[in-house]
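Visitor: Have a look at this one.
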Amino acid sequence: MSCGKDALIFLWEKIESILFPPLCYICGKRGKNILCERCNRKLEKLAKYKIEQHDAEIDYFSYHIYLFDYTGNIRKLLLDFKFHDKAYLCEIFVKFLLKNKKIGGFLKNYDIIIPVPIHKKRQKERGYNQSLLIASKWEKEETRISVEDNILLKTKHTKPQSTLSREERIENAKQVYEIQNAEKIKEKDIILLDDIYTTGSTVRECAKILKENGARSIVVVTIAKD
Ligand SMILES: [Zn+2]
């Protein structure tokens, strides 16, 4: 009996893999996951896993950790993730984030992740906040960490940073964030999570207001640095 059942399952899996073959997001070849092994290895080779120190007196955050330079396939993945409804791609980013021991060791004393918020109007247009998606996936994989998305809010609708010059970005990021439930960040070491770091003006403004409301220290984590 069981032999027949196994054969049926095996047959179904065969049919399923023919009907719905998982295709690699980058090269389109058939694989087991979102990325095939070859593309995965290529990305692994591109990974920088950088931990850069910053002056908290100037930038309000003490470190910036990022996984990749914002080029090539990483750029494509992040653009699709952010603008083309490919929310599930966050799985790739979190996998790379969690498999690096140096970063894991560095972050082990941090227990709160605050994703950089977007304005609710933008969230409605896009359907999701890309940073919150990455943070939530991270929390799911590493359960000691908790995501707080009701502390830092973006209360002013602004132009997308990606459309502005360096100087305009700094002005555009000013006075657009607010804090609520400030008691939750008092004396806390916080991971501030964003997808891409360009001039740093967004995370600097977020770190500033978190510090002003009692956070002890802040590490910025982004998937890529432009
Ligand atoms: Zn591939």
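Visitor: For the chain, what is the relative contact order in percent, using Cα pairs closer than 8 Å and at least 6 residues apart in sequence?
Guide: On the way: 351 pairs, mean separation 48.9, N = 226.
Computed value for the chain: 22 percent relative contact order.
Visitor: Now for a different question. I want the local charge near Thr158. Using Cβ-Cβ distances under 12 Å, sum +1 for each Lys or Arg and -1 for each Asp or Glu among the other residues.
Guide: On the way: positive: Lys121, Arg122, Lys154, Lys156, Lys159, Arg169, Lys174; negative: Glu168, Glu171, Glu205.
Net charge in that neighbourhood comes out at +4.
Visitor: Taking 0.36 nm per residue of sequence separation and subtracting the Cα-Cα distance, how much length would be gained by fully extending the chain between Glu141 and Asp226, in nm to one decimal? Display every interim value, and only then the final one.
Guide: On the way: separation 85, 0.36 × 85 = 30.60 nm, distance 2.67 nm.
Length gained, Glu141 through Asp226: 27.9 nm.
Visitor: Residue by residue through segment 54-63, which ³J(HN,Hα) values in whole Hz follow from phi under the Karplus form 6.51 cos²θ - 1.76 cosθ + 1.60 (θ = phi - 60°), with glycine and proline marked x?
Guide: Karplus values, whole Hz, x for Gly and Pro: 10, 8, 5, 5, 9, 9, 6, 10, 9, 9.
Visitor: What is the list of residues in segment 160-181 whose amide nitrogen lies under 17 Å from a point 7 angstrom out from the Cα of Lys121, following Cα to Cβ?
Guide: Only 160-164, 172-178 pass the distance filter.
Visitor: Here's something else I'd like to know. Which of rounded, prolate or oblate describes segment 47-225 when judged by the alpha-carbon gyration tensor and an a/c cut-off of 1.5? Mind showing how you got there, number by number?
Guide: Details: a/c = 1.28, a/b = 1.03, b/c = 1.24.
Note, shape of segment 47-225 comes out rounded.
Visitor: Pick out which of Arg169, Arg38, Arg75 has the largest mean-square fluctuation in a Gaussian network model of the chain, springs linking Cα atoms closer than 10 Å.
Guide: Judging by the Gaussian network model, the answer is Arg38.
Visitor: Per the helix-only calculation at 222 nm, which mean residue ellipticity applies to the chain, given -39500 (n - 2.57) for every DSSP H run of n ≥ 4 and division by its residues, nearest 500 deg cm²/dmol? Provide the component values of the computation, followed by the final result.
Guide: Working: 10 runs with 99 residues, N = 226.
-13000 deg cm²/dmol, from helical runs alone.
Throughout, read-outs are computed from the coordinates displayed, never taken from laboratory work. Treat the numbers as computed from the prediction; the structure is a model and nothing was measured. Neighbour counts are summed over all protein chains in view; Cβ atoms, including those assigned to glycine, are modelled from backbone coordinates with ideal geometry.
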